[in-house]
């Protein structure tokens, strides 16, 4: 039997766990799975907020029926039209043909495009309210967090924000939806990875949304993915504020490298040794051939400094390094300390391209980039060590700034 423990009086979680999907949006690994969250408010006008991925529509409708016991739904609020949340809207209209769908003008354009739905619609604009009985819902636009039609819904009585994808995380809910009832440790890295990969490009829109929502008293956030945030709400909002300002969480360095025959990896080891010798303990090393870029991006959002190593490959960068640089540039990550190194056999291009990348990103270059020809001998190993040492000294100089 479905657990019908309410979030607040007559407000229910009716989301689902997806433990089958291997890749979110068909490219981001899901080692901990993912949820598609939906919420049901039983009032004079029964209201559902968002649906779920169509693959789980049967479970979703069974949960609604378990609460309503054959009753109908008056309003369906669509905060976000992306198919992992709105995928069941077409089936929802078939099951509840008289339901009124609540959204903004951009929402309705997309619903018409996806489902051909263009009737029984209730359009809302910034700050509009809707009475559903003893509860009142208000609507605030959050464009480009992370689609242009995104809005959030605020319930006044219990001060609940239904936040669409904002504050969402990868990871299934194991036993309960509330962050007060489960161990949230697994979510912090996945919260950052979700932000870095899905929302990370949109720092300015996130800041705009945070400033707008600061005027509301919020006790609970019901996101479209992951736990319902109550106990850890302050921490979650603080992290979003930090990430959207492109501020690091803590002192540390990410080293991302590619290596075909081991020479660039040897330089990587020397750089890491130099960083630690310089007094920095947090050093995260990623081999781009083994680590998915989403995990590397997450760590780049976490730490201030990034060092990239690449061999020259076909007179350019190692392909997976080039892919990582593209992902970084797309997300417009700001305010990072940077350095680079590379190796080659007959023509050296990688370090030149990595240096140009840092200039494009307007990042501060630290130390002297290291370029090695053929095997790594003591002179270049020491130069790589000094590069790491220079980065450590720069990070320490920021401690008192």
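Sort 38, 397 so that the residue with the fewest other Cβ atoms within 10 Å of its own Cβ comes first and the one with the most comes last.
On the way: 38 26, 397 9.
Ascending number of Cβ neighbours within 10 Å: 397, 38.
Quick check on segment 6-244: of the DSSP beta bridges with both residues there, what percent are antiparallel, nearest 5%? It would help to have the intermediate numbers written out before the result.
Working: 26 of 39 bridges.
Here the antiparallel bridges make up roughly 65 percent for segment 6-244.
State whether segment 358-401 is rounded, prolate or oblate according to the following rule on the C-alpha gyration tensor (a ≥ b ≥ c being the square roots of its eigenvalues): a/c under 1.5 gives rounded; otherwise a/b larger than b/c gives prolate, and the remaining case gives oblate.
Details: a/c = 5.57, a/b = 1.60, b/c = 3.49.
Oblate, since a/c reaches 1.5 and b/c is not below a/b.
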Subject >> DSSP-defined beta bridges in segment 197-340 - what % are antiparallel, rounded to 5 >> reply: 20
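Among 261-274, 55-68, how do they line up from the highest to the lowest mean number of other beta-carbon atoms within 10 Å? Numbers along the way, then the final one.
Details: 261-274: 20.7, 55-68: 17.2.
So the order, starting with the most tightly packed, is 261-274, 55-68.
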Subject >> Value of [θ]222 nm, deg cm²/dmol, for the chain, DSSP H segments ≥ 4, -39500 (n - 2.57) each, nearest 500 >> reply: -10000 deg cm²/dmol
Subject >> Residue exposure sequence - 169, 347 - by fewest surrounding Cβ within 10 Å >> reply: 347, 169
**OP:** Rank 141, 391, 110 by mean-square fluctuation in a GNM of the chain with C-alpha springs under 10 angstrom and give only the top-ranked residue.
**Re:** 110
**OP:** Among DSSP beta bridges lying fully in the chain, give the percent that are antiparallel, nearest 5.
**Re:** 45
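If each residue's Cβ is checked for other Cβ atoms within 10 Å, how do 280, 132 rank with the fewest at the top? Show your work: numbers first, answer last.
Details: 280 23, 132 19.
The order, fewest Cβ neighbours first, is 132, 280.
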**OP:** Provide the packing ranking of 328-341, 184-197, i.e. peptides ordered by the mean count of other C-beta atoms within 10 Å per residue, highest first.
**Re:** 184-197, 328-341
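Quick check on segment 6-244: take the gyration tensor over C-alpha atoms, sort the square-rooted eigenvalues as a ≥ b ≥ c, and tell me if it's rounded (a/c under 1.5), prolate or oblate. Could the numbers behind the result be given before it?
Working: a/c = 1.31, a/b = 1.22, b/c = 1.08.
Rounded, because the longest to shortest axis ratio a/c is under 1.5.
No lab work stands behind these numbers, since they all come straight from the coordinates. Just so it is clear, the structure is predicted and the values come from calculations on it, not from any experiment. Cβ atoms come from the backbone with ideal geometry, glycine included; neighbour counts cover every protein chain shown.
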